[in-house]
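Colleague: Dropping the structure in here first, questions after.
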Amino acid sequence: ADLRVEGRNLERFRYNFYGLNDENLHKSSVVFPRPIKKWTASNVLVEDFVKGAQPISDFLKDSSKEGLEIRKELAGPLLRAFLKMVFVDSWVHCDLHPGNVMVQTKTQENGKVKRFIVFLDTGIATTLSPSDQQNLIDLFRAVLLNDGFLAGKLMIERAKNERCSQVEGSTDAFAHGIEQLVSEFHDRRRDGLTLGAVNIGSLLGRVLNLCRVYNIEIDPAMASTVLSTLVLEGLGRSLHPDLNLIDFAIPFVLGRGKV
């Protein structure tokens, strides 16, 4: 592995979250370590030290009343950061298991404690094509509006390569399949689309399976994003199973979400 790739990925994540002004780092609830360019080569990568950071898995072990409150506090910025990667930046960290997520704790001047999500090991990252990103946006909108049939039709139209439209009845069959999946999730909105009640990763996985059955090509980056969603969703569920996905997703689907 060429560690310069990971260094460049870190720089891109830092630009996406902080822009060109590192002062924005202090306003963000998310931390990406800064690679030290003069100490970066194909076989070595030196990053700045994130003081006061500990593995997020440490917090998963604490089920006390205070521990559960801290876990709820951490779930929000973790999920918002991932939604920003997918829906805003189209540049996604694809190795977000608990070992690559840490928590930095700082005591501010006013005595209040603030915690930050720290992302490590950005060697595996991917960018979504505009069509794949739009397909994900349409799926979330479809859950809100219960219009999976239209989302399915648009997926076929945007596909780089597909043989679905060449087989009589397959286009409608695929669209109806997406409609059925979306309806299941839409109906659950009455009980709340919380991390403990639904599995967005499962929805995306079933969509990919439908694409396979109906010969609609899916970009590998899309598959990687689905796998990342499964991993991160499991972590988020461990932190705060009552967190409502739709409440967090809507601003990002509309392009106005902030971390």
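The values are calculated or read from the model by the stated rules, or taken from the named source; none is laboratory data. Only a predicted model underlies this, so the values are computations on that prediction, with no experimental measurement involved. Cβ coordinates were reconstructed from backbone atoms using ideal geometry, including for glycine residues, and neighbour counts include every protein chain displayed. For accessibility, only protein heavy atoms count, side chains too; no ligands or nucleic acids. Shrake-Rupley method; radii C 1.70, N 1.55, O 1.52, S 1.80 Å.
Colleague: Any idea which of Arg206, Arg237, Arg256 is under 18 Å from Asp89 (Cβ atoms) and open to solvent by 60 Å² or more (accessible area, probe 1.4 Å)?
Modeller: Result: Arg256 is the single residue among Arg206, Arg237, Arg256 that is under 18 Å from Asp89 (Cβ atoms) and open to solvent by 60 Å² or more (accessible area, probe 1.4 Å).
Colleague: Turning to a different aspect of this structure: Restricting to the range 1-40, and then to whatever is charged (D, E, K, R) and assigned to a loop (DSSP other than H, G, I, E, B), can you tell me which residue is farthest from Gly52 (Cα to Cα)? First the steps, then the outcome.
Modeller: Within the range 1-40, the subset charged (D, E, K, R) is 2, 4, 6, 8, 11-12, 14, 22-23, 27, 34, 37-38.
With assigned to a loop (DSSP other than H, G, I, E, B) added as a condition, the list becomes 2, 34.
On the way: Asp2: 29, Arg34: 16 Å.
Among those residues, the one meeting the criterion is Asp2.
Colleague: Restricting attention to the range 13-36, and to residues there that are at pLDDT below 90 and aliphatic (A, V, I, L, M), which single residue is least open to solvent (accessible area, probe 1.4 Å)?
Modeller: Out of the qualifying residues, it is Leu25.
Colleague: A further question on this structure: May I ask you to list the residues in the range 240-251 that are open to solvent by less than 10 Å² (accessible area, probe 1.4 Å) and in contact with a strand residue (DSSP E or B) (Cβ under 8 Å, 6 or more places away or on another chain)?
Modeller: Answer for the range 240-251, where residues must be open to solvent by less than 10 Å² (accessible area, probe 1.4 Å) and in contact with a strand residue (DSSP E or B) (Cβ under 8 Å, 6 or more places away or on another chain): just Leu243.
Colleague: Still on this structure, I have one more. In the range 94-103, what count of residues is obtained for those that are out of contact with any helix residue (DSSP H, G or I) (no Cβ under 6 Å at 6 or more places or on another chain) and either among the acidic types (Asp, Glu) or surrounded by fewer than 17 Cβ atoms within 10 Å (Cβ to Cβ) (or both)?
Modeller: 2
Colleague: Just a yes or no: is a residue in the range 176-189 at pLDDT 90 or above and surrounded by fewer than 17 Cβ atoms within 10 Å (Cβ to Cβ)?
Modeller: Among the residues of the range 176-189, at least one is at pLDDT 90 or above and surrounded by fewer than 17 Cβ atoms within 10 Å (Cβ to Cβ), which makes the answer yes.
Colleague: Conditions: (1) under 28 Å from Pro251 (Cα atoms); (2) acidic (Asp, Glu); (3) in contact (Cβ under 8 Å) with a residue 24 or more places away in the chain. Asp22 meets all but one. Number of the miss?
Modeller: Exception for Asp22: condition (3).
Colleague: Across the range 104-136, which residue is farthest from Leu10 (Cα to Cα) among those that are open to solvent by 40 Å² or more (accessible area, probe 1.4 Å) and of a type in the set (Ser, Thr, Tyr)?
Modeller: So, considering only residues that are open to solvent by 40 Å² or more (accessible area, probe 1.4 Å) and of a type in the set (Ser, Thr, Tyr), the one farthest from Leu10 (Cα to Cα) is Thr107.
Colleague: Which one of Leu96, Leu83, Leu136 is in a loop (DSSP other than H, G, I, E, B), under 20 Å from Gly236 (Cα atoms) and touching a residue at least 60 places away in the same chain (Cβ under 8 Å)?
Modeller: Result of the check over Leu96, Leu83, Leu136: Leu96.
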